[in-house]
Each structure stands twice: as C-alpha cells, then as structure tokens.
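To start, the structure itself, in structure tokens.
Please treat every number below as a calculation from the coordinates, not as lab data. Computed from a predicted model, the values in this text were never measured in an experiment. Every residue, glycine among them, receives a Cβ derived from its backbone with ideal geometry; neighbour counts consider all protein chains shown.
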Amino acid sequence: MRLLNSSFKKEVFSGRWAVSGGGVLPAFLATLVILAFTTASCGSGETPAFDGEKAFFFLEEQCDIGYRHPGSPGHRELQRYLADRLDEYGANLSLQPFTGVLTTGDTLRNLVNIIGNYNMDSHRRIMLGAHFDTRPVSDMDPDPANRTTPVMGANDGASGVAVLLEIARVLQIHKPPVGVDIILFDGEDYGDAGVPEDFCLGSAWFARNLKGYRPMAVIIIDMIGDSDLRIPVEGYSLSASPRLIDEVYSIAERLGYKQFTRDRGPTIVDDHLPLIQAGLRAIDLIDFDYRYWHTIEDTPDKCSPASLQAVGDVLLEFIWQQE
C-alpha cells in the first residue's frame with residue numbers, strides 16, 4: 001500500500017479447483033442460486049469465538065516460508081499454502097490468475113487471487129480481503145545497505161491473511177448467517193514508490209472483473225498485527241462508506257477494543273480503493289503508524305496475538321450481527 005500525500009500442489013493449479021481469468025468468479029456467480037453449502041452449524045446464535053493465538057500461528061507459518069514477493073520461490077509456495085488452507089477449512093475455493101502490468105511496461109506473471117466462499121446459498125454477502133504478497137525491497141529501511149533486501153512482511157502481508165485464515169477455520173464449523181467471501185489478493189506491494197498505479201494489482205484486476213458481484217459490505221484488512229495496534233479511520237473509507245465505518249467502529253467500541261479509534265487517519269492507496277472506484281461499499285482497516293513498514297525489521301516479534309484477536313473478534317461480530 002502507499003500513503004497518499006495530500007496531494008501449489010498442482011499448477012494453477014491444474015484444475016483441482018475452479019480457475020478463471022474473470023470475476024468473483026463466473027463459476028461462483030453461476031452456482032450461487034442453486035448451490036447449498038452446508039457446514040456443521042446452523043448459522044444462528046451468538047458469535048463464535050476467534051482464536052488470536054491460532055491466527056498468530058498462521059502469521060508465523062507464512063513467515064516461515066521466507067520472502068514472498070512475486071517471482072520468488074516463497075511467493076509460489078505461499079500461493080499453494082493459502083489454497084490448501086482454505087480447501088482444508090471447507091471453502092468453495094477458486095483461483096483468479098492474472099498478469100500484472102506495470103506502468104513501465106514490465107509484467108509480473110504467475111499472480112493469482114485466491115478466493116474462498118462460505119454459505120453459498122445466501123444472496124446477502126460480505127467480502128473480507130487482505131493481500132498476501134510481500135515487498136521485494138526494504139526501501140524504507142534506515143540503513144541504505146538493507147534497501148535491496150526483501151521485506152519479511154509479518155505485519156504488512158501476513159497479519160491480515162492470518163486473521164482471514166482463522167475466520168475461515170471458524171466458518172467451517174459455524175455456518176455464517178450471510179454469505180462470506182474471503183479474497184486473498186496478490187500483487188499489492190510490488191510497485192515503485194511514488195507510482196501508485198503499480199500497487200494493488202490483484203484488487204484492481206478483481207474490481208475490473210466483478211461480473212455482477214455486489215456484496216453488501218467489503219472490509220479490507222492490512223497491517224493489523226502491530227503489537228501497539230491503533231486503527232484510525234482511513235480517509236477513502238470515510239468518504240466512500242461512512243455508514244460502514246460507523247457500523248464496524250461501533251462494534252469495536254461495544255466489545256471494548258481501544259485499538260479502534262475514530263480519529264481521522266491518513267488517506268492510503270490500498271486494496272479497498274479499486275473496489276470503491278468500482279462502486280462497492282468498501283473500507284480499509286489499517287494501522288499505518290508502523291515504524292518497521294517496508295524495512296527488514298517487519299518480523300513476527302513486532303506483532304501480537306492480541307492485536308489479531310481484536311480485529312478477528314470485530315469482523316466475526318460484524319458477520320453475525322447480520323442475522
């Protein structure tokens with residue numbers, strides 16, 4: 001993501017899961033009306049429990065793979081890992097491969113958005129998203145000698161995905177009262193500083209290929225693992241979706257999570273922006289005040305299960321209050 005100044009086990013993945021170059025996907029839209037996806041619970045009652053320690057384990061597993069920027073061996077391994085996890089947790093799984101085209105004319109191949117759908121019989125849907133790729137260079141590191149080293153991305157990449165994987169695990173056990181679509185975006189953090197068009201490649205591709213998909217709410221999470229977590233209201237989110245902001249922050253206040261503050265935060269180019277531009281009701285939950293952003297120090301020891309717990313609890317409560 002960029003701050004806006006005021007100004008696989010089988011290859012993708014050889015047909016084991018639904019694959020499309022299009023939207024949410026066409027296969028998903030085609031089956032939405034007729035497919036009843038059953039899970040172990042009836043989808044009513046109180047909000048199920050989120051496990052912050054389990055989410056932190058998912059964060060560590062991603063970092064154990066190593067650097068995960070496009071073109072690296074870890075990037076490909078991570079794609080397989082994420083698809084396997086969603087498959088294990090009972091998602092209706094599909095892949096959206098694409099080629100990222102940069103403003104320089106260069107291309108990033110073998111990118112893929114990874115999509116897991118729950119409660120397929122529901123027409124009322126919530127979309128949760130996070131990017132899984134990491135930055136290829138530590139261009140903000142205070143030591144110039146480190147600036148060509150890739151970023152581990154414990155917070156900037158792994159944290160949001162970790163929360164969504166734990167939510168996926170919960171949704172396998174407890175059928176949600178509405179449809180939930182988990183979208184793991186590729187190619188968010190590759191671009192050159194100062195060229196926002198070269199960021200958010202996966203969400204931009206997704207937004208161009210919606211094919212009628214209109215969730216009632218979109219919540220993107222990014223950099224939410226910081227041990228000293230503070231999530232102010234992001235600028236584009238407030239302008240585009242003030243009611244959704246109020247709904248989410250009201251839940252956090254009711255649950256007593258001080259990590260969410262209604263103070264106005266910065267305006268940030270992140271995966272929510274292409275979705276807002278496509279007309280979706282989207283917000284971004286992000287703590288951009290993170291001293292290790294785009295440095296070699298963005299490692300798991302800077303993150304906390306308690307921070308993941310706060311975000312996960314708020315998201316699950318938001319889903320279950322839609323009953």
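Please give the charge dipole size of the chain, origin at the Cα centre, charges +1 on K and R Cβ atoms and -1 on D and E Cβ atoms. Round to the nearest 20 debye.
1120 debye
Sorted by mean Cβ packing within 10 Å, highest first, what order do the peptides 237-249, 263-275 take?
263-275, 237-249
Give the residue from Met223, Ser239, Ala145 lying farthest towards the positive end of the charge dipole for the stretch 2-320; charges sit on Cβ (+1 for Lys and Arg, -1 for Asp and Glu) and the dipole is referred to the Cα centre.
Farthest along the dipole direction, towards plus: Ser239.
Using r as the Cβ-Cβ distance of Glu53 and Arg243, and R0 as 22 Å, what FRET efficiency do you calculate, to the nearest 0.05? Provide the component values of the computation, followed by the final result.
Values: r = 33 Å, r/R0 = 1.50.
The calculated FRET efficiency here is 0.10.
Report the label-to-label distance for Arg208 and Thr103 in nanometres (one decimal), using points 7 Å from each Cα along the Cα→Cβ vector.
For Arg208 paired with Thr103, the spin-label model returns 1.6 nm.
Under the 0.36 nm per residue contour assumption, what length would be gained going from the current alpha-carbon distance of Arg264 and Asn110 to full extension? Don't skip to the end; give the middle numbers.
Numbers: separation 154, 0.36 × 154 = 55.44 nm, distance 3.72 nm.
Taking 0.36 nm per residue and subtracting the Cα distance, the gain is 51.7 nm.
Across all directions of projection, what mean area in square nanometres is found for the Cα convex hull of the stretch 210-323?
Across all orientations, the stretch 210-323 yields a mean hull projection of 7.7 nm².
If you line up the Cα atoms of the chain on their principal axes, what length do they span on each, largest first, in Å?
Projected onto its principal axes, the Cα set of the chain covers 55, 46, 36 Å.
Of the peptides 176-186, 45-55, 144-154, 283-293, how do they stack up when ordered by the mean number of other Cβ atoms within 10 Å, highest first?
176-186, 283-293, 144-154, 45-55
Find the Rg to Rh ratio for the stretch 146-254, where Rh is the Kirkwood radius over alpha-carbon pairs and Rg uses the same atoms.
Taking Rg over the Kirkwood Rh, I get 0.97.
At R0 = 35 Å, how high is the FRET efficiency between Arg124 and Asp228 if r is their beta carbon distance? Nearest 0.05 is fine.
That gives a FRET efficiency of 0.45.
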